1. Can you match log10 I(q)/I(0) by the Debye sum over Cα atoms at q = 0.05, 0.08 Å⁻¹ to one of these, (i) -0.46, -0.88; (ii) -0.55, -0.99; (iii) -0.27, -0.68, based on a calculation from the structure here?
2. What is the angle, in °, between the Cα long axis of helix 638-655 and the longest principal axis of the Cα atoms in the chain? Nearest 10 is fine, range 0 to 90.
3. What do you get for the angle between helix 231-242 and the principal long axis of the chain? Use alpha-carbon atoms, 0 to 90 degrees, nearest ten.
4. If you build the convex hull over the alpha carbons only and average its shadow over all orientations, what do you get for region 433-587? Give it in nm² to one decimal.
5. I'd like to compare 736-748, 174-186, 113-125, 336-348: which one has the highest average count of other Cβ atoms within 10 Å, and what's the full order after that?
6. Of 823, 627, how do they rank once you tally other Cβ atoms within 10 Å and put the fewest first?
7. Residue by residue through region 341-351, what is 3J(HN,Hα) from phi via Karplus (6.51 cos²θ - 1.76 cosθ + 1.60, θ = phi - 60°)? Round to whole Hz and write x for glycine and proline.
8. In nm, to one decimal, how far is the residue 372 label point from the residue 495 one, both placed 7 Å along Cα→Cβ?
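Every number here is computed from the coordinates shown, using simple stated rules; none is lab data. Being a predicted model, the structure only gives us computed values, none of them experimental. Reconstructed Cβ throughout: ideal geometry from the backbone, glycine too, with neighbour counts over all protein chains shown.
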Amino acid sequence: NFHVVNSLFLVRCRGVNENRTRIIVKNPFQLADLLTQFIKRSGYTSGQLAKLSGVPKPTIVNWMEGRVRRPRTLNDLVRLTAVLHLSEAEASQLLQSAGHPTIAELRLDLQQMPDETLAKLINHWETKPSTTANKPAPFQAMAHLPYFVGRWELLEKLRTMLLAGDHATIYSIQGMGGVGKTALAAHLAYQLRSHFPDGVLWARVDTSDTMSILSTFASAYGLDVRQYGDLGSRSRIVRELLANKRALIVLDNAQSSEQVKPLLPPTGACAVLVTTRRQDLAVMRGASRFMLGPFDPKGKESLLLFGQVLGDDRVAEERPLFVELANLLGHLPLAVDIAAGRLAYEPGWTTTDFLQRVRQEQRRLVELESEDQSVRLSFNTSFQHLTEDQQQFFAALAVFAGDDFSSEAAAAVADMSHELGQDYLRKLYALSLLQAGRETAVDQPNRYRLHLLLRDYAGEQLGDETAVQQRLIYYFAAFVPAHSHDFATLDLEQKNVLTALQLARALGQTSDFVTGVLAIYLFWEAKGLYGLAADYLRKMETACPLEGAGAVSPQTDPMIRLKFHHYRGRLAQRLGEYIEAEARYETALALARTLQTEAHLSHLLRALGVLAARRGDYVLADSYYKEGLALAKALGHGGIVSNFLRGLGVQAYMRGDFAQAEAFYEEGLALIGMLDEKAPDAKGEGGMLWGLGVLAQEQGNLTQAQQYFEQSLALARQVGQQKRVILLLRMLAEIAVVQNLPKLAEDYWQEALLLAQDIGHRWQEARVLSEWGEYQIEVGQTAVAHETFQQLFRLARILQSRELVATALFGLARETAVRGDLELAKERGWESLDVFTAMGHIKMQEVKDWLVAVDG
């Protein structure tokens, strides 16, 4: 009984049956070549095969590399053939290449010498030739992961579409490397297996040749297509085979349309699911596309995955550490899985130790490798599709530390034209090396986002880091001054601007650092980022010219010094540090007078007037306001004139001169829209709406005032004007009280108070406390009123505001009287009256009337 197989020769040898003829391999690499071909087709790694078959990984590697020509353990080889989903003919071919009997011969041997283990293994193949009718439906999906978390919404959408009766399009799961596309497809295959009577076909199209895949698909239904030697013919036969079947076909990790097209069935009952990193495959035009990103940072998927591997108890106990770890991994599923596996199965790790490694950018990708899993290798697959110029462009993007960046900025740091930069960005996006960033206006450059780990990877490819960093500094040194009043644009670029400022300071580019800080200060102030502004102003104050005699710094350039002291004063004022604010303003005012800069003089005089008014020195405040008003009128600055007039109106109101107050106020409101202002943007429009609301409120039209305030509030939130948000919330609370909507009023005041405390604006915090306390007295909530006015009193002392001190004392006097302690109430009332009288404040008459009523 001789068998001829290729270059094999036959000899008699001992074995299961002494009279059996055994095949000996003449070519020692026959097994290695054949096994490698089958493994490549399957898409499995040696590590995955080891887990699925129970055969040690080193053993499989030895077989693949030809170090072992005839495996001693027949059972291990049979186990491997089953895991590879080989047909009986293919399994027999592989066994013969290793010098073992075919499957049919093994069945005969087992009849003479029973072996229960071997019998169970070869039962994988039917003992008789089967027809398509009685052959079980194929299921070629990769092994199901032992754990799968999240993706619930996307799973439901895909399930609904894949279970449709007919499929007019193919379906694709697209996303960056390591995001879990294959795992999601496998999970779906196992979930939907019972819904596809003709089975699930699976192919790893980037590592298997198309002809072999077509053969595997055909043989799954008992059809041998090996006689069709050209791709077109074999593809046509398989299409005919699939035309009347209802199967799920998964084409994994497609990198080109050519890998997909020959494998597509006719449109109909078969559902085709393609996973790919590519966004630009022609075959996907018209497909139902599903973008798969990293786990949601606000969700729990990353922690759930950690819990699946490490145990929920450990993750719950060390939750803050795992939250930080997930954030540092960018919530990329592959990275989370590798980290969890290393913590679980490598000895000596603590979560803190591993986290300390991952915090180091230069070590992060090094730690994300485990056996055949590697985040870096996953990224390599896409990176290798770039030209050398495109690779250098991608590497330059590592300098952006913000949430995203514009195409214009990307081209600038890469030192190329905007047009070429846009082309390269589209290429990177097509390979899922970039994702779409935040949406912008139609006339603004597109924005792109680089995943945190891809940024680390790009940084590894970056050669001349300093040159790229300097280009980032130069770009934003010009960008920020040009957009200093465009808060919406600065909001998009804030983190990138901070990166540029940090680099400028580190590289000794003091001029760019100082220019950038002064240009972005007003944005920080409007956003309520007082701590950040204070930090950078301190750094600026200590900056020294390191670039030569022409460098600018607070110490060398009078205009820089003027702006610095002006902004430092504004910041101190908002933090309630009025002595510091006044000193800074006076220094800036002296410089402005020396430099004869009327615009700065006007601003500084108004600022000093506000401070004087808050101290209760109305005479000095009037003096500042009137000098500044004359300057503003001479300059034709309508908005500034309006501010001065409204300030004078408040002064007159506090003195009880209502006619003069109304005249100032209405004149100020009328000037809000003077022609010197730019075309209203969100900020300017919001200011006009606010002014119109104030006027409507003064005229008693609360409904109209409410509408104006709500519109202004929406715009203030849009551009991040936190101070104006607080003011408008206070005004809306006041209207809600008049409208008998106490819950709404409380919500407005509480939001305003929390925001004022959050940004550290003490004056606005005090104003909210004052209004909230007054309301609590009106509704009889004396306990709340007591606590509120106590808070106000402590804050007023810090602010050194006589008006607020007197207001707090009067509030405490009234709530104390309600509690029955009239002596203490009158004592506080008299203290309040003394302060209001010294100021000439309008409230002194109200306090007098209250004291008379208490005595009566």
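1. Step by step, log10 I(q)/I(0) by the Debye sum over Cα atoms at q = 0.05, 0.08 Å⁻¹ for this structure corresponds to label (i).
2. With both axes taken from Cα atoms, the answer is about 50 degrees.
3. That helix lies at roughly 80 degrees to the long axis.
4. Average projection, Cα convex hull of region 433-587: 10.6 nm².
5. 174-186, 336-348, 736-748, 113-125
6. 823, 627
7. So the J values, rounded to whole Hz, are x, 5, 5, 7, 10, 9, x, x, 7, 10, 4.
8. 3.5
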